[in-house]
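Below is one structure; the comments refer to it alone.
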Amino acid sequence: MKIVVAIKQVPARDSLLKVDASGAWIDDADLSWEINEPDAYALESGLQLREAAGGEVVVLCAGPERATQTIREALAKGADRAIHINWTENAADPLALARAMATALESEKPDVVLTGLQSDDLGYGQTGVILAEVIGFAHATLVMSIETIDNGIRVKQELEDGWFQHVEMPLPALLTIQSGINKLRYATLMGIKKSKNKEIRNVTAAGLGVASQPASIQLSRVYLPGRSKQTQLFDGPPKEAAAKLVEKLKFEARVI
C-alpha cells in the first residue's frame, strides 16, 4: 500500500507573532518553525497503517527551502521518502496548493492520502478536501481510526455531541485526520541517521505547470483583535443584581 502524508511547516506555537510591514501577513524573520500538529497525527496514522498493511509512506510538503527541516523530521520518524514542492506563492490559497499537490502526485498513484484536519497558522481546513476533489478520490473528514478490509478501508469518523460513525470506503481515498487520536512517536537516533540518506524529490511550482494560475483567495490584512473594557453596574437588591450578573456571564460573556 502506498500512503502519502501531506505535512506543512508552521510557526512554533510559542512564537511571538508580529504583523509585517505590508500588513498582510506576519513577520517571519525571527520565528522558529515546526511541523503542523494536526499533520503530525496524520503522519503517525500513516506510519501505523503501513505497519499494519505494509507498503511505504511518502511525505508531501509544499513550502520554502526551510521546510526541508520539517521533512527530515518526518523521515526520521519513519517515512520512507519525500516530495518537496518549493512553494512560496499563493501560500494562503488552498485551491492553488491543492492543484500543485495533485500534479506532484500524478506519478505516485497513491492508495491513501492523509492530511491533518487543518493547519495551525491559517486554519482553513480546506486543502485536504479540495485535493480529494481535484484528484477524484473518495474522502472522509474527522477520521479517528483506519483499518483495512477486503475491498478497501473502514474508518471511524467523529460527529457532533460525542457521536461517531463507521464508513467503508473504496481505494484510493483521502482522509483528514483528527488531532489527538494517537500517541505521537519521537524520532530515534537511528531514525535521524537514516533520514540523511532518504530521498527527497524537489519540484517547483513552475515545473508542475501551476505557477501562472491566478489566486482564488488573497489575504488583504492581518491584525490583532481590538481590546476594549466596559463596566456595567447592576442596581437593585443583591439577589436581583446577582441574577442579572449570572445572566450576562452566561449569555453574553459565555463564561459559565
Which members of the stretch 147-180 meet the condition of being touching a helix residue (DSSP H, G or I) at 6+ places or on another chain (Cβ under 6 Å) and under 19 Å from Gly125 (Cβ atoms)?
Leu174, Thr176, Ile177, Ser179
Pairs only if they're at least six apart or on different chains, beta carbon under 9 angstrom, first in the stretch 153-176 and more than 22 Å from Lys109 (Cβ to Cβ), second at pLDDT 95 or above and in a loop (DSSP other than H, G, I, E, B); list them, first residue then second.
none
Could you check, for the stretch 200-215, whether at least one of its residues is under 24 Å from the mean Cα position of the chain (by Cα), part of a loop (DSSP other than H, G, I, E, B), basic (Lys, Arg) and within 29 Å of Thr127 (Cβ to Cβ)?
no
Output for Cβ contacts, cut-off 6 Å, separation at least six or different chains, first residue within 13 Å of Cys61 (Cα to Cα) and at pLDDT 95 or above in the stretch 31-48, second among the hydrophobic types (A, V, I, L, M, F, W, C) and in a helix (DSSP H, G or I), reads Leu43/Ala74
For the stretch 106-134, give me each residue that is surrounded by fewer than 20 Cβ atoms within 10 Å (Cβ to Cβ) and closer than 16 Å to Lys2 by Cβ.
Glu106, Ser107, Glu108, Lys109, Asp111
Cβ contacts < 8 Å: first residue at negative phi, restricted to the stretch 234-256; second residue β-branched (Val, Ile, Thr) and in a loop (DSSP other than H, G, I, E, B), any location; separation 6+ or different chain. Result?
Val246/Ile256; Leu249/Val255; Leu249/Ile256; Lys250/Ile256
From the list Lys194, Lys183, Lys156, which residue is touching a Phe, Trp or Tyr at 6+ places or on another chain (Cβ under 9 Å), at negative phi and either at pLDDT 95 or above or among the charged types (D, E, K, R) (or both)?
Lys156
Any chance Ser145 is over 20 Å from Ala205 (Cα atoms), part of a strand (DSSP E or B), polar (S, T, N, Q) and touching a Lys or Arg at 6+ places or on another chain (Cβ under 9 Å)
yes
Can you find even one residue in the stretch 219-227 that is among the hydroxyl-bearing types (Ser, Thr, Tyr) and in contact with a Lys or Arg (Cβ under 6 Å, 6 or more places away or on another chain)?
no
Could you please tell me which pairs satisfy a Cβ distance under 6 Å, a separation of 6+ or placement on different chains, a first residue in the stretch 83-96 that is touching a residue at least 24 places away in the same chain (Cβ under 8 Å), and a second residue that is assigned to a loop (DSSP other than H, G, I, E, B) and among the hydroxyl-bearing types (Ser, Thr, Tyr)?
Asp93/Ser216; Pro94/Tyr124; Leu95/Ser216
With respect to Arg72, determine if the residue is among the basic types (Lys, Arg), assigned to a helix (DSSP H, G or I) and in contact with a Lys or Arg (Cβ under 8 Å, 6 or more places away or on another chain).
yes
Looking only at the stretch 198-214, decide whether some residue is among the polar types (S, T, N, Q), under 30 Å from Glu108 (Cβ atoms) and in contact with a His (Cβ under 9 Å, 6 or more places away or on another chain).
yes
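The values are calculated or read from the model by the stated rules, or taken from the named source; none is laboratory data. Since we're looking at a predicted model, the values are computed, not measured. Please note: Cβ atoms are built from the backbone with ideal geometry, for glycine as well, and neighbour counts cover all protein chains shown.
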